[in-house]
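*Asks:* Take a look at this one; I'll ask things after.
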């Protein structure tokens, strides 16, 4: 997948976010991180993809006000 693709793999997320792939692997199990899509194929666990817009939105939601510490 290219860097400009609408969909991103878990391996591509560190380039954009600075977080490790293990952060996102754990986040899917523990309920944190950006929204993702799982495409199942038969009995396998399936392919995981993230929409770029969901990753960008998730990062924007983490923005904090440095003056008051409150979320923006």
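The values are calculated or read from the model by the stated rules, or taken from the named source; none is laboratory data. Note that the structure is predicted; figures quoted are calculated from it, not measured. Glycine also receives a Cβ, built like all others from the backbone with ideal geometry; neighbour counts cover every protein chain displayed.
*Asks:* Go through the range 16-43 and give me each residue that's surrounded by 13 or more Cβ atoms within 10 Å (Cβ to Cβ), touching a strand residue (DSSP E or B) at 6+ places or on another chain (Cβ under 8 Å) and assigned to a loop (DSSP other than H, G, I, E, B).
*Replies:* Answer for the range 16-43, where residues must be surrounded by 13 or more Cβ atoms within 10 Å (Cβ to Cβ), touching a strand residue (DSSP E or B) at 6+ places or on another chain (Cβ under 8 Å) and assigned to a loop (DSSP other than H, G, I, E, B): 34, 36.
*Asks:* What is the one condition in (1) at pLDDT 95 or above; (2) in a loop (DSSP other than H, G, I, E, B) that residue 53 does not satisfy?
*Replies:* So residue 53 meets the others, but not (2).
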